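Nothing in this text is a laboratory measurement; each read-out follows from the coordinates by a stated rule. Note that this is a predicted model, so its numbers are computed, not measured. All Cβ positions, glycine included, derive from the backbone under ideal geometry; neighbour counts span all protein chains shown.
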Amino acid sequence: MSGEIEISIKNLNLWFGNFQALKNINIDIQKNAVTALIGPSGCGKSTFIKTLDRMNDLVDNVKFTGEIMYKGRNILDSDTDVVELRKEIGMVFQKPNPFPKSIFDNVVYGPRVHGIRDKKTLHEIAERSLKGAAIWDEVKDRLGESALRLSGGQQQRLCIARLLAVEPDVLLMDEPASALDPIATSKIEDLLYELKKDYTIVIVTHNMQQAARVSSRTAFFWLGEMVEYAPTIDLFERPQNKRTEDYVTGKFG
Amino acid sequence: MAAKRRETAAIGLLWGAGIATLVILIVILAYILVNGLPLISWHFLTANPGVRGQTGTGIYSTIVATVAVTGVALLVAAPLSVGGAIYLNEYTKENLLRKVIRQAAEVLAGIPSIIIGLFGFLFFVIYLRPYTGGWSVLSGGLALAFMVLPISLRISEEALKAVPAELREGSLGLGATKWQSITTVVMPTALPGIITGLILGAGRAIGETAAILLTVGGALSVPHSLQDPACPMTLYIYNILTEYNDTRTAYGTAAVLIIVILAITFTTDYLMNRYTRKLKGL
């Protein structure tokens, strides 16, 4: 497993006020692969993923040190244009968060705020993105309907489509299936399998089976530290660290 | 058994307390409408009041005056209150400035309206006379704006606060700027609450008397510019009662005033309900 590196994280530390949420994290994220982050609640995996597109900036009193190299620049630099960054590194949230607008207006939201006005272009983007998120067939006849009328699983795939419409390179997913039923979850997982051909994906999950099914590499987080990072199959079958072993074998969680 | 009887008695008393509000409202409305409605006619609404005690003609100019001062108050207060609420909720973190501004709004809301009127008199009518024309629609409207501002600021802020953080994150996560997120996602979602705040403020302005008593002038002719003096319906009721003891016209005007306020309340409720349902995709 030696692919191209998309994002390289070195000595990342992060504090909320006096609380250190991330401790000296070092990870290389591979291009066009799914990287899973697992660990018990509060271990820092969500905080970590939100650092990659600087969404933690929204929190009061956040401080960070270290570097996250992406396309030859350090994302954590204070002069990083976070608006531009978030076009390249997009995020799908835990709870589906469609805007209270029509399905169509949701998908083309990104392109619109980035200045695309041409109706035909927007329609092409909408179709391509909805197809990319495997939801086109379910919604193509009701694009004008409110997105809030979709089921939870459909809403989440719509949110993925909305992200694809911005044409990012990296997709960050913060427990994207945790609020969904098993059938909707398996649709999201199938989708991940398709998406990794074109995108670099980092997914946070509390579901170890899910990590095992969808990812090629997995990182285990514990109390703000990155304990072990290895090809998924190795991490689950031959964990090197005692805590990883205890976690993946279900001794704590 | 005694405990059970006490329970029944308590429920009865609480029921009575709840019903009291309804009864009081109905009594007031019925009293005004029964006495006032017979006077309302097309002539009453479209003719101007007579001058110098020649009353019982019409109230046209007072309706115009009410609309005009309320309009001025809203035009001034709406951008300040909505803008202020957006600033407080979206652009500041929970800090001292934010607490101070919020407290200021509460204190402003608590200032007795006659004191707002007194300030309006000294500042708008006397000091800014070259611009406001002295006693005028503009002076009255500006004084009323001070009363609308805190109400609508507070309600707008609550409405913005009620917009789920996930929607903001979703928008920012797609590479929208903060301002784009506010205008395209946050504001439309909060709009029913913001409009409700403005309408409540407008209701306050329409019903206010003390703040305009000293600022608007009380002239019974139709105002033709913002610098003309005028006499809104509330002030007219006060004047004809205290100066001419004309209770009949007072009831008639009061009935019109109440109908206007009820109409605004119910129309807004209906429209906002529809908008909210549409927003939720129902």
Requested in this report: Determine the dipole magnitude for chain B: charges of +1 sit on the beta-carbon of Lys and Arg, -1 on that of Asp and Glu, nothing else is charged, the reference point is the Cα centre, and the result goes in debye to the nearest 20.
Outcome: 620 debye
Report task. Can you grab the distance from the C-alpha centre of the stretch B:137-155 to the C-alpha centre of the stretch A:177-246, Å, no decimals? Result -> 57 Å
Report task. Answer rounded, prolate or oblate for the stretch A:1-115, using the Cα gyration tensor with square roots of eigenvalues a ≥ b ≥ c: rounded when a/c is under 1.5, else prolate when a/b is larger than b/c, else oblate. Result -> prolate
Report summary line: One finds, for A:Ile183 and B:Leu122 with R0 = 60 angstrom and r their Cβ-Cβ distance, a FRET efficiency to the nearest 0.05 of 0.25
**Report entry** Proportion of all alpha-carbon pairs of the stretch A:178-217 beyond 14 Å (%)
**Finding:** 44 percent
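Treating only the Cβ atoms of Lys and Arg (+1) and Asp and Glu (-1) as charged, compute the dipole magnitude of the protein assembly as shown about its Cα centre; round to the nearest 20 debye.
Working: 52 positive and 48 negative charges, 178 e Å.
The calculation lands at about 860 debye.
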Query raised in the report: Anyone know which of A:Leu148, A:Leu172, A:Leu14 comes out most mobile in the 10 Å Cα GNM of chain A?
Result: A:Leu148
Query raised in the report: If we count every other residue with Cβ under 11 angstrom of A:Gln20's Cβ, Lys/Arg +1 and Asp/Glu -1, where does the sum land?
Result: +1
Report task. Work out Dmax and Rg for chain A from the C-alpha atoms and quote the Rg first, both in angstrom. Result -> 18.2, 57
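Counting partner chain Cβ atoms within 10 Å of every residue's Cβ in B:161-170, what's the average?
On the way: counts 0, 0, 1, 3, 3, 8, 4, 2, 7, 13.
Counting other chains' Cβ atoms within 10 Å and averaging over B:161-170 gives 4.
Rounded, prolate or oblate for the stretch B:1-143? Axes are the square roots of the Cα gyration tensor eigenvalues, ordered a ≥ b ≥ c, and the cut-off for rounded is a/c under 1.5.
oblate
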Report task. Please grab the % of Cα pairs in the protein assembly as shown that end up more than 33 Å from each other. Result -> 57 percent
Query raised in the report: Any idea how many Lys pairs in chain B come in under 25 angstrom at the alpha carbon, given 8 or more places apart or on separate chains?
Result: 9
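Near A:Val82, within a Cβ-to-Cβ distance under 9 Å, what is the net charge of the other residues, with Lys and Arg +1 and Asp and Glu -1?
Values: positive: A:Arg54, A:Arg86; negative: A:Asp53, A:Asp57, A:Asp81, A:Glu84.
Summing Lys/Arg as +1 and Asp/Glu as -1 gives -2.
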Query - Dipole magnitude of chain A, debye to nearest 20 (Cβ charges: Lys/Arg +1, Asp/Glu -1, about Cα centre) - result: 300 debye
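Can you list the DSSP H helices in chain B whose Cα atoms extend at least 15 Å along the helix axis and whose mean Kyte-Doolittle hydropathy is 0.0 or higher? Provide the component values of the computation, followed by the final result.
Numbers: long enough: B:2-36 (50 Å, 1.43); B:60-86 (38 Å, 1.80); B:96-110 (21 Å, 0.63); B:137-161 (34 Å, 1.20); B:187-207 (29 Å, 1.22); B:233-244 (16 Å, 0.52); B:247-279 (47 Å, 0.60).
What comes out of the filter, once short or polar helices are dropped, is B:2-36, B:60-86, B:96-110, B:137-161, B:187-207, B:233-244, B:247-279.
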**Report entry** 10 Å Cβ neighbours from other chains, averaged over peptide A:157-168
**Finding:** 2
Report summary line: Where a ≥ b ≥ c are root eigenvalues of the Cα gyration tensor, a/c under 1.5 meaning rounded, otherwise prolate if a/b exceeds b/c and oblate otherwise, chain B counts as oblate
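Tally Lys and Arg at +1 and Asp and Glu at -1 over the other residues with C-beta under 11 Å from the C-beta of A:Glu67: what net charge comes out?
Surrounding charge for A:Glu67 is +1.
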Requested in this report: Report the residue, chosen from A:Ile49, A:Ile68, A:Ile183, that carries the largest GNM mean-square fluctuation when chain A is represented by alpha-carbon nodes joined by springs under 10 Å.
Outcome: A:Ile183
Report summary line: Counting sequence-distant residues (5 or more places) and residues on other chains, those with an amide H built under 5 Å from that of A:Val92 are A:Leu172, A:Met173, A:Asp174
